[in-house]
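Okay, structure first, notes after.
Read-outs: derived from the displayed coordinates by stated rules, not from any lab. Please read all numbers here as calculations on a predicted model, not as lab measurements. Heads up, the Cβs are rebuilt from the backbone with ideal geometry, glycines too, and the neighbour counts pull from every protein chain shown.
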Amino acid sequence: MTKEQYYLWLGITNGISNSVKKKLLDFFGDAEALWNADRNVLKRLLNEQQMQRLMKTHNREDVETYGRNLEKNHVSLLYIGHPYYPEKLLSIPDAPVTLFVRGSHMELLSGETKSLAVVGARNLSPYGKQTVEEIIRGLLPYDIVIISGMAAGIDGAAHQEVLAGGGKTVAVLGSGINVPYPEEHKLLYRAISEQGLILSEYGLNLRPEAWYFPLRNRIISGLSDAVLVIEAKKKSGSLITADQALEQGRDVGAVPGRIYDVNSIGCNNLIKNGAACITSADDLVDLLRLDQKIVRGKCKKITLAPEEKMVYSCVRLEPRHIDDICRELDLRVSDILGVLFDLEQKGMIKQPVRNHFVRT
Amino acid sequence: MYSSIISGGILGVEGILIRVETDIHDGLPVFNMVGYLSSCVREAGERVRTALKNSMYYLPPKRITINLSPADVRKEGTAFDLPIAIGILVSMGMIPEKNAKGILLIGELSLDGHVNAVRGVLSVVHHAFKQGIRRCIVPKGNGKEAALIAGMEVFAVTTLSETASFLNGDLDLIPEQVDIKQIFLRQESEPYEDFADIKGQAVLKRGMEIAAAGMHNILMTGAAGSGKSMIAKRLPGILPRLTFEESIEITKIYSIAGLLPENEALITKRPFRAPHHTITPTALAGGGVIPRPGEISLSHNAVLFLDELPEFNRNTLEVMRQPMEDGAVTISRLNATYRFPANFMLVAARNSCPCGHYPDMNKCTCTLREIRRYQAKISKPLLDRIDINVEVTPVEAEKLFEKGYEESSERIRERVYHAQSRQQLRYQNEQIRFNSQLDTSLCDKYIVLGSSEKDFLVHMYQALSLSARGGYRILKLARTIADLEDCDKVSISHLKEAVFYRNIDKAGGI
C-alpha cells in the first residue's frame, strides 16, 4: 500500500472527528504506522465506538476500490505532509487531516496569491447581490483568489461573479466532494471544478449534514487571508466563519447595511465589534495589501441628456420602484420610461427586480 | 294526419333547424318518439301529453308517431316540447296546417300548460333568420332575447292554449320589440368603482389602461394587500365600449349557458369573470358530455380575472394556452366538434413568493428555493402569452392617506374609447377588433415600422433573446400605446414602453 492509501483510509473513516484523527497521527507519527498499530494500543486511545468505526474501513481492498472511484471522479486526496497541502491550513487549530480536491488548478492552494473568503446570507437581498457583484468586480484586476462555500445566496453569487470575470475561485463544500449542494448549483459546481478548485473534507457521495457546515467554515476562513461578510442575519452561519477567522488570526471585514435591514444586522454587529468596515473593493485592496496586476483603463466618459440627468438623479443606490421615481419627478410613467430605458442601455442603471431601478 | 313544424336546437354556439314531424293514424294507441333523442327530449312525450290534457285537449286513442329530423343529429334540451304539442294539435286538426307553416317554435312545457324559458334561443333564432324564416314563437322569458334579430317577428307566449288560440287566429299578439339604443344608453349611465380611489400605483394604472385599450393580457405580481384585486375590480369601468356585434356574440354564449338574466335582451356590459382557483380544466375551457361553454368562453370579448394565479392547478392553466392564441376553443366529441369563441383578455394576479413579501427581504421569510419554485408554477409558455407584466409594491402609509390628485376612471375611459375607435377604423375590413387579436400577417400589414424602429426592435430581439411570439407581442403592444397617444406611426418611444411592460424574463427575482 502507498502512503496515499494509508491516508485515504483515514479520510474515508467517518464518525471520528478530525481532532481525534490528528491525535492518532501525532501519537503514531504517520498513517502507515497507525494502520499497522497494535489493537491493544489503539484501544487505550479510542473508545469502543471509535475503534469500531476505524476498523470498519481497515480493509485493504476497500481502500483500493475507493481510490479507483476517486480517480474515476477526478478527485484527488491531500493530507498533512502532501506537497500540495495548503500551507495556510497548517497554522489553524484543528487543521483537516485529509482533504478531497477536485480540479487541476493546485496553484490556487500554494498560498502565493492572497485570498479572500466571501460569505453571507443564503437569502440575499437585491442590495446584497449588488454588493457582491460590485466588490468582486473591483477585485478582479488584482491577483487574488476568492474562496467561498458554494451555498445559495451570497456564496453562489460570489463564485458566479468571479467565474464571469475570469478570476480564480475555490469552493469548500459542506457535502461530499462530488455532491453539489444546493442542487441548483450543479452547473456552478462544474464551472468551478474546471476554472478553479473544489475542496471538501467529506468523501464521495456523502449527503450534507447540518453539522458539516460549521466545520467546513473553519476551512474557508483558514484558507484565506481575510474574511468578508456580506449580509448576515443576527444569527448566521457566516458569523461562525467570522469567529473562526478571528481565532485563526485572519482579518475580518463586513459590509454595512441599513440598521432596519434584518439581513444586515449581523454585519453591523461585526463592525461594532471591530471588524473592518468595507464599503468598496478599494477597502479590501488596502486590507489585504494587494498589488495591482492590471492597470485599469480610464473611465469612459458618458454624457447624459438633461432629462436623463434628471431621472438619473432620482435613481438611488438601493432599488427604487418606478412609481416613487415618477412621484418625485411629478411626471407620467410613459414620459420617463424611455429615459429609464436609455439609461439602462447605457449601463448607468439596471432593474434587479422587475420595475425597480438602481444605479450600477 | 301528417304535420310538420319548424323548431331548432344548438350545436356548440351555433343554431340548427330541426323539423318536428307528427303523424296520427289508426291502430293500437301508442305514443312513439324517434330521431336520435337524448333522454330529456324523450321525456318530452310525458310532459306534452299531460300539458295537452291540462289545457283541455284530449289525445285521440290512436297511433301517434313523432320524428325529429334530421335524424342523425343528437337532440338535446327541452325546447321541443312546444313544437311537439303544436304538431299534435295540427295533426288532430285543431289548428289549420297553413297557420303553423313557416313559424319557428321553441319552448318547454310545464304539466299545467305553461311555457317555460329555454337556453340558447338567440342562436337558434339567429340561425333561423339566416335560413329565411321571419316569424317565431318563443317563451315569454326569451322574448326580448329573440327580438334582437332585426326583421324577425317574435311572438312571446306564456301558455300552450294561448299559443293554440294565436295560431287559430282567435287571439292577437303584439310582436316583441327591443330598443337596442336604449339598452346601450342605460348601460353607460351605470356607476362603476372609480380609479381615483387608488393612491399611487402609477405604473400599474398605466399598464391597465394600455391593457384595456388593446385588450392585452396583463399579469400583476406583488405583495398581499398592495391593491391588485382593487385595481382589477375597477377595470370594467375603463374597458372599451361594447359594440352591437360583440354584444350579440356574448349574448349567444350566455344564452346557451343559461346565464342570461330573464327578460334581459342583451349583455351590454363586458362581463368580468373571476373564477375561484379551485376551478377544473373542464369548467375553465368548456366541455362535458354535451359541451357547454367554460369560463374562457364566458369571458369572450371580455375579462377573465384569475386571482392568485399560482394556486390554480397547473393543468387548468395550461388548457388556456391554445385558446389564447386562437381566440376559440375546440372541443371534440365522437359525433360532433364544437367550437366556442374564447377571445378573452386575461388579467391575472399573483404574489411574488409564498409569504407574499418578496422582494422586501426584511419581511420575506421564504428561502430562495421556495421563491423560485413558487414563480416556476406559471409555465414559460403561458408567461410568453402575457403582454404586460407589472410589479406592484405596497403604497407607504403616509402616501396612502395624503391628499393628492388621482385620475378618475372617466378620463382614462375617454382615452381608451378613443384608442378603440382608432382600432375599429383600422380593422373595419378585418375579422378582428383589437390590436391584441392581430395575427402575424395582419401585423405585417398594419404595423409598418420605420427603419430606425426596425433596427431598434431587432436589437431588442437579440438583447432580450425574445421568442418570435414575444417579438410580435411587443409590436402589438406598441401599436396600442401609439393608439392611446393618437399616433399613426409606431415610434421608438412606443416600442420602449412596450418592452418595459413586456419584461417577463426579468422575473421578480434573483
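For chain A, give the magnitude of the charge dipole about the Cα centre (Cβ charges: +1 Lys/Arg, -1 Asp/Glu; no others), in debye to the nearest 20.
300 debye
Counting other Cβ atoms within 10 Å, keep those with at most 12, restrict to DSSP loop, and tell me which trypsin sites (Lys or Arg not before Pro) in the range B:435-490 are left.
Counting only loop positions with at most 12 other Cβ atoms within 10 Å, the trypsin sites (Lys or Arg not before Pro) in the range B:435-490 are B:K489.
Among the trypsin sites (Lys or Arg not before Pro) within the range B:103-160, which fall in a DSSP loop and have no more than 14 other Cβ atoms within 10 Å of their own Cβ? Intermediate results must be reported in sequence, preceding the final value.
Details: sites: B:R119, B:K130, B:R134, B:R135, B:K140, B:K144; in loops: B:R119, B:R134.
Passing both the DSSP loop test and the Cβ count: B:R134.
Using the Cα centre of the protein assembly as shown as origin and beta-carbon charges of +1 (Lys, Arg) and -1 (Asp, Glu), tell me which of A:V41, B:I210, A:I219 is placed farthest towards the positive end of the dipole.
The one lying farthest along the dipole's positive direction is A:V41.
Stretched out fully, how many nm does the piece from B:D172 to B:A336 gain, at 0.36 nm a residue minus the Cα gap?
On the way: separation 164, 0.36 × 164 = 59.04 nm, distance 4.10 nm.
Stretched out fully, the B:D172 to B:A336 stretch lengthens by 54.9 nm.
Counting other beta carbons within 10 Å of each residue's own, what order do A:D261, A:D225, A:D26 fall into, fewest first?
Working: A:D261 19, A:D225 22, A:D26 8.
Placing the least packed residue first, the sequence is A:D26, A:D261, A:D225.
Between B:K199 and B:E318, what FRET efficiency comes out of the Förster formula 1/(1 + (r/R0)^6) with R0 = 35 Å and r the beta carbon distance, rounded to 0.05?
Values: r = 37 Å, r/R0 = 1.05.
The value I calculate is 0.45.
Roughly how many whole Å is it from the C-alpha centroid of the range A:172-216 to that of the range B:142-183?
81 Å
How high is the relative contact order of the range B:74-193? Use alpha-carbon pairs under 8 Å, at least six apart in sequence, and give a whole percent.
21 percent
At R0 = 35 Å, how high is the FRET efficiency between B:Y405 and A:I302 if r is their beta carbon distance? Nearest 0.05 is fine.
After rounding to 0.05, the efficiency reads 0.45.
Mind giving me the nanometre distance, one decimal, between the label points for A:N73 and A:Q195, set 7 Å out from Cα along Cα→Cβ?
2.4 nm
Pop a pseudo-label 7 angstrom from the Cα along the beta-carbon direction at both A:T113 and B:D439 and give the gap in nm to one decimal.
5.8 nm
Could you work out how far the C-alpha centroid of the range B:292-371 sits from that of the range B:58-84, in angstrom?
Between the Cα centre of the range B:292-371 and that of the range B:58-84, the gap is 43 Å.
When chain A is treated as a GNM, springs tying every alpha-carbon pair under 10 Å, which of A:V97, A:V119, A:V252 comes out with the largest mean-square fluctuation?
For chain A, modelled as a Gaussian network with Cα springs under 10 Å, the answer is A:V97.
Counting Lys +1, Arg +1, Asp -1, Glu -1, what net charge surrounds B:G102 among other residues with beta carbon under 13 Å of its beta carbon?
Residues close to B:G102 contribute a combined charge of +3.
Roughly what angle does helix A:237-247 make with the longest principal axis of chain A, taking Cα atoms, 0 to 90 degrees, to the nearest 10?
Helix A:237-247 sits roughly 60 degrees off the main axis of chain A.
Classify the range A:306-359 as rounded, prolate or oblate, taking a ≥ b ≥ c as the square roots of the eigenvalues of its Cα gyration tensor: rounded when a/c is under 1.5, otherwise prolate if a/b is larger than b/c and oblate if not.
Rounded.
Please list, ordered by chain and number, the residues whose modelled amide H lies under 5 Å from the amide H of A:I147; skip anything fewer than 5 residues away on the same chain.
When sequence neighbours closer than 5 places are left aside, the close amide H contacts are A:L116, A:A117, A:V118, A:V170.
Once you place label points 7 Å from the Cα toward the Cβ at B:E370 and B:E262, how far apart are they in nm?
5.1 nm
Less than 12 Å Cβ to Cβ from A:G257, Lys/Arg counted +1 and Asp/Glu -1: what total charge do the surrounding residues give?
Charge balance in the 12 Å sphere: -1.
Calculate the dipole size of the protein assembly as shown relative to its Cα centre from +1 charges on Lys and Arg beta carbons and -1 charges on Asp and Glu beta carbons; express the result in debye to the nearest 20.
So the dipole magnitude of the protein assembly as shown works out to roughly 1020 debye.
Tell me, which longest segment in chain A has none of the trypsin sites (Lys or Arg not before Pro) that fall in DSSP loops with at most 13 further Cβ atoms within 10 Å?
With a cap of 13 other Cβ atoms within 10 Å, the longest stretch comes to A:1-233.
Between A:M1 and A:D291, what is the FRET efficiency for a Förster distance of 56 Å, r being their Cβ-Cβ separation, to the nearest 0.05?
About 0.80, to the nearest 0.05.
All other residues with a Cβ under 12 Å from the Cβ of B:H276 taken together, and with Lys, Arg as +1 and Asp, Glu as -1, what is their net charge?
Spelling it out: positives minus negatives among the neighbours equals -3.
Looking at the range B:393-431, which chymotrypsin sites (Phe, Trp or Tyr not before Pro) are in a loop (DSSP not H, G, I, E or B) and have at most 10 other Cβ atoms within 10 Å? Let's see the in-between values first.
On the way: sites: B:F401, B:Y405, B:Y417, B:Y427; in loops: B:Y405, B:Y427.
Answer in residue order: B:Y405.
Tell me, what HN-Hα J-couplings in whole Hz come from the Karplus equation 6.51 cos²θ - 1.76 cosθ + 1.60 at θ = phi - 60° for each residue of the range A:90-99, using x for Gly and Pro?
Couplings: 4, 7, 8, x, 6, 5, x, 5, 10, 9 Hz.
A 23 angstrom limit on the alpha carbon distance is what I want to check against. Which of A:K23/A:K114; A:K234/B:K363; B:K205/B:K476 exceed it?
Correct reply: A:K23/A:K114.
Rounded to whole Å, give me the distance from the Cα center of the range A:1-62 to that of the range B:8-45.
93 Å
Within 10 Å of each residue's Cβ, count the other Cβ atoms and sort B:M215, B:M460 from fewest upward.
B:M460, B:M215
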